[in-house]
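Each remark here refers to the structure printed beneath this line.
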Amino acid sequence: MDKAILICIFLLLLARDFLANRFEINLVKQLSNRKLPQNFVVSPFVVREALVLLYLGKDTRRDYQLARALRITGRQNGKIISYFGQARFKAIKQQFTMANRIYLSPEYNDLEQMKKLSGNLSVDVENMKFSENTKPEDEITKWINKLIEKGGKNLFNKSDLTKNTNMVAVQGVSVSSLWKHRARSIAKMPFSIARPNKKPFVYKVQMMYTVAPLEYFNDEEIRGVMIPFSKTDIGMLVLLPRRNLSTQNVLQNLDKYLQIKLQKAEKTHLLLPIFSVQETLDLNAALIDLGIKKIFTDEDEDRNATVASFKQFSALESKPNRVLMSSDFGGGNDQRVVNVNKPFVFVIKDQSTIYMVGRIEAIR
C-alpha cells in the first residue's frame, strides 16, 4: 500500500479517537473555568454514559443539544452502546468501582423506554417522587454509600432538590491504583509548591520509586509520563507543567497536551507521590455551558425552574501495590529521571477513553 495512504489512515484513526474524547475534554475545560479545590478528580466518562442514556432513551423526538455536546450526531446506536460496554468492561477488569444511576419523577414521559436501555449502558434508572414531604437525598446518599466508600459525603445541599425536580443523575467512581511496575522503595522526598512573590513552600512527602520502561514526552511547556496499570492498557498520564504554567492552564488546554505524541518507552527512574484524592462535584453549570440546556429547564417558561441535578463523587488512591524495598534512588546521566515533586495534572486513560482527570496541588 502507498505510504501516503497509510499515513492518511493513521491520521484518521488518531482523529477518530481524539473526537471520541471531545466531550470529556470540554467538560474538564468548563470545570476548570470555575473555582475548584486544590486537589480534585472527576470521571467525565460516567457523565457521558448517563447523558447518552438520556439521549437514546427518548421515545419521541430526541434532544439534539445532547447529541451535539456528546459528539454522537449521526452515529449508529449499536456502535455507541458497544463503545461504552467495552470501555466499562475494561475499567471493571482494572478494578474500578463504578456506580451510575438516574432518578426520574413518575411524570417523566420516557421512563419505561429508558429502563429498557439502562442495562445496555450500565446506568440504573429508578422512579422517585420529589416533593416537600419526602427526603430523596437521603435515599440517594444511602444507595451510593453502599457502592462507593464515603460516596455520599456532602453530596447534596439543602436547595439542590425541590418539588420542581424531575431528574437526578448521580455517579460514583473509585479507583485504587494497580501499577504494572513494582515500586523499588518508598522514601520521604521534597515537594515544592510555588507561591506568588514568595519563595516556594517545600515540604517532604512519601514517594514511591521505581525504574521501568515508560512512555514519555518533553515539551517546552510541559512534561508527560505514562504510568501503566497492571491488568489492561489503561494508565495514568502525569502532566508536569514547566516554568510559570499552572495546573489550571493545563486543564484548560488539555486537548493541546493530549495531542502530544508519547515517545517510545525508555528506561526511566520515576518518583511519584503517594496520594489520595476524593471530591464531590456539582456538574449542572458546566453541562449547561456545554450547550446542554433542555434537560435542566422546565418546559413552562414562566416557572423558569431548574428540574435536573447532576452530581458526582470520585476518588483515586495512588499507592504502591507491590514494593521491593531493596533499592535506593539512583541513576546515571544517561538514564531518564522523572521526579513528580510539584503540582501536576493526571489523566487516567487508554487509547480511546478518558476515565478520570484531576490535579494534585498539595500532598496531604
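Please treat every number below as a calculation from the coordinates, not as lab data. Since this is a predicted model, take the numbers as computed values, not measurements. Note that each Cβ is placed from the backbone with ideal geometry, even for glycine, and that neighbours are counted across all protein chains shown.
What FRET efficiency do you get for Thr297 and Thr60 if R0 is 30 Å and r is their Cβ-Cβ distance, rounded to the nearest 0.05?
0.95
Taking Cα pairs under 8 Å and at least six residues apart, what relative contact order does the chain come out at, in percent? Write out the running numbers ahead of the final one.
On the way: 694 pairs, mean separation 88.9, N = 364.
Taking the mean separation of contacting Cα pairs over the length of the chain, I get 24 percent.
Between Gln76 and Asn127, the distance separating the two model label sites (each 7 Å from Cα on the Cα→Cβ line) works out to 3.5 nm. In this calculation the C-beta distance from Ser352 to Lys231 is compared with R0 = 25 Å, giving a FRET efficiency of 0.90. Using the average count of surrounding beta-carbon atoms within 10 Å as a protection proxy, the listed peptides 28-38, 43-53 rank, highest first, as 43-53, 28-38. Counting only DSSP H runs of at least 4 residues, each contributing -39500 (n - 2.57), and dividing by the residue count of the chain, the helix-based mean residue ellipticity at 222 nm comes to -8500 deg cm²/dmol. Modelled spin labels at Lys188 and Asn339, positioned 7 Å past Cα toward Cβ, are 1.7 nm from each other. Counting only residues at least eight positions apart within a chain, or on another chain, the lysines with an alpha carbon under 29 Å from that of Lys58 are Lys29, Lys79, Lys90, Lys115, Lys116, Lys129, Lys135, Lys142, Lys163, Lys293, Lys294, Lys311.
Where the alpha-carbon atoms of region 185-295 are placed on the principal axes, they occupy 52, 41, 29 Å, in descending order.
Between Thr97 and Ala285, what length comes free when the chain is fully extended (0.36 nm per residue of separation minus the Cα-Cα distance, one decimal in nm)?
Working: separation 188, 0.36 × 188 = 67.68 nm, distance 2.59 nm.
Computed gain between Thr97 and Ala285 is 65.1 nm.
In a fully extended conformation the segment linking Tyr203 and Glu112 would gain 27.2 nm over its present Cα-Cα distance, using 0.36 nm per residue. Summary of packing: across the peptides 79-89, 276-286, the per-residue average of other C-beta atoms within 10 Å ranks them, highest first, as 276-286, 79-89.
If I model region 85-239 as equal point scatterers sitting on the Cα atoms and use the Debye formula, what is log10 I(q)/I(0) at q = 0.19 Å⁻¹? Values, matching the q order: -1.18.
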